Amino acid sequence: MEITEVRVHIRNEDKLKAFVTVTFDNCFVVRNMKIVEGNKGLILCMPSRKLPNGTYKDIAHPISMQFRKALEDKILAAYQEELKKPSPEMAAE
């Protein structure tokens with residue numbers, strides 16, 4: 001499975017750093033992944049839903065650690081590239 005597109009939408013919040021949309025094989029998209037600031041740095045959170053007991057369950061997630069690492073590496077690299085771009089507020093000035 002090939003990651004064919006990564007779209008990063010920067011957020012200006014304390015813990016939430018970005019929302020991410022990833023396209024696989026130009027035919028399947030997963031939205032609402034999140035990059036958050038954890039205790040040990042940035043982490044990628046999969047899209048999830050809140051259960052009646054207050055916990056969260058992933059809607060979609062990698063099965064193998066190898067694919068999870070490849071996905072995280074590609075997304076975090078795209079995030080770093082997006083941070084280098086001027087923000088829309090700065091571009092308007």
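Every read-out reported here was derived from the displayed coordinates using simple, explicitly stated rules and does not represent laboratory data. Here the structure is a predicted model, which means the values were calculated and not measured. Because the Cβ atoms are built from the backbone with ideal geometry, glycine has one as well, and the counts that use them run over all protein chains shown.
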Tail weight of P(r) past 20 Å, computed on alpha-carbon pairs of the chain, percent: 40
Cα-based helix-to-principal-axis angle, 65-84 vs the chain, degrees rounded to 10: 20
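With only Lys, Arg, Asp and Glu charged, each at its Cβ (+1 for the first two, -1 for the last two), find how big the charge dipole of the chain is about the Cα centre; round to the nearest 20 debye.
On the way: 15 positive and 13 negative charges, 83 e Å.
In debye, rounded to 20, the chain gives about 400.
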Per-residue ³J(HN,Hα) for segment 19-33, Karplus 6.51 cos²θ - 1.76 cosθ + 1.60, θ = phi - 60°, Hz, x for Gly and Pro: 9, 10, 10, 10, 10, 10, 6, 6, 9, 9, 10, 10, 9, 6, 6
Segment 40-54 - phi-based ³J(HN,Hα) in whole Hz, Karplus 6.51/-1.76/1.60, Gly and Pro as x: 10, x, 6, 9, 9, 10, 6, x, 9, 10, 7, 8, x, 7, x
Segment 1-43 - charge dipole about Cα centre, Lys and Arg +1 at Cβ, Asp and Glu -1, debye rounded to 20: 200
Cut-off under 5 Å, modelled amide H: who pairs with Arg11 long-range: Ala18, Phe19
Residue among Val8, Asn39, Thr21 farthest towards the positive dipole end of the chain, charges placed on Cβ: Asn39
